[in-house]
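The structure appears right after this line, and notes come after that.
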Amino acid sequence: MQNWLKKTDNNLERWLCLVFYAMIAITIVSEVMRRFLLSYSSIWGEEVARYCFIYLAWIGAALAVKERSHIRIDVIMNFLSSRNQILLYIFSDILTLMLSVICLVVSVLPVLTSIEFGSVTHGLRISQFWFLMAVPIGFSLILVRLLQSLKRDIADLRAGREPFKGTQLVD
């Protein structure tokens with residue numbers, strides 16, 4: 001059980017991104033084929049791709065926070081000691097944590113409004129709640145990953161280890 005939890009913790013965002021990316025690709029390919037081969041397209045295809053992309057973006061943001069691969073400028077970091085680098089990472093994570101809490105609280109209001117008034121999507125005709133939840137789910141994942149990052153950075157600071165610098169996307 002514990003191995004499954006650790007595996008899920010390590011790969012949750014990757015698996016979810018794969019599912020949503022595959023859904024986008026399958027939907028777009030099927031819609032293009034339907035449009036050009038059958039001269040017919042569905043009303044729901046564009047909606048499925050759009051909402052999958054929204055989920056993909058928010059889950060990808062949580063993945064970027066987890067791997068510390070989000071956009072940042074590291075020029076100053078090269079001139080700091082390991083201890084000061086960790087302190088700067090902790091400061092940055094605390095600021096991001098505060099912003100994420102605010103965004104999570106603000107993003108819940110449209111979800112509650114959707115539930116209250118029973119709004120549905122135009123093409124799929126299902127509750128918009130499922131798609132509006134992308135933002136609170138994304139920020140919830142970001143909060144979890146920020147707390148994990150803070151825990152790791154504090155442990156590194158106490159142990160005198162090098163900071164976790166994450167994965168670098170471009171040089």
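Of all residues in segment 60-107, how many are under 26 Å from Asn11 (Cα atoms), in contact (Cβ under 8 Å) with a residue 12 or more places away in the chain and among the β-branched types (Val, Ile, Thr)?
Qualifying residue count for the region: 6.
Name every residue in segment 158-171 that is within 24 Å of Ser100 (Cα to Cα) and surrounded by 12 or more Cβ atoms within 10 Å (Cβ to Cβ), in order of residue number. Can you show your working first?
Of the residues in segment 158-171, the ones within 24 Å of Ser100 (Cα to Cα) are 163-169.
Pro163, Phe164, Lys165, Gly166 - these are the residues of segment 158-171 that are within 24 Å of Ser100 (Cα to Cα) and surrounded by 12 or more Cβ atoms within 10 Å (Cβ to Cβ).
For segment 13-44, which positions are within 23 Å of Gly138 (Cα to Cα) and either touching a residue at least 40 places away in the same chain (Cβ under 8 Å) or in contact with an Asp or Glu (Cβ under 9 Å, 6 or more places away or on another chain) (or both)?
Matches in segment 13-44: Glu13, Arg14, Leu16, Cys17, Thr27.
Starting from segment 121-137, take each residue that is touching a residue at least 24 places away in the same chain (Cβ under 8 Å) and list its partners that are part of a loop (DSSP other than H, G, I, E, B) and surrounded by 19 or more Cβ atoms within 10 Å (Cβ to Cβ), counting only C-beta distances under 8 angstrom and pairs at least six apart or across chains.
Qualifying pairs under 8 Å: Thr121/Gln128.
Does Ile28 fit the bill of being surrounded by fewer than 17 Cβ atoms within 10 Å (Cβ to Cβ), under 14 Å from Arg145 (Cα atoms) and over 17 Å from the mean Cα position of the chain (by Cα)?
When the stated conditions are applied, Ile28 does not pass them.
Just so you know, all these numbers are worked out from the coordinates, no wet-lab data involved. Owing to the predicted nature of the structure, the values given are computational and were not obtained by experimental measurement. For neighbour counting, all protein chains shown are included, and Cβ atoms are generated from backbone atoms with ideal geometry for every residue, glycine included.
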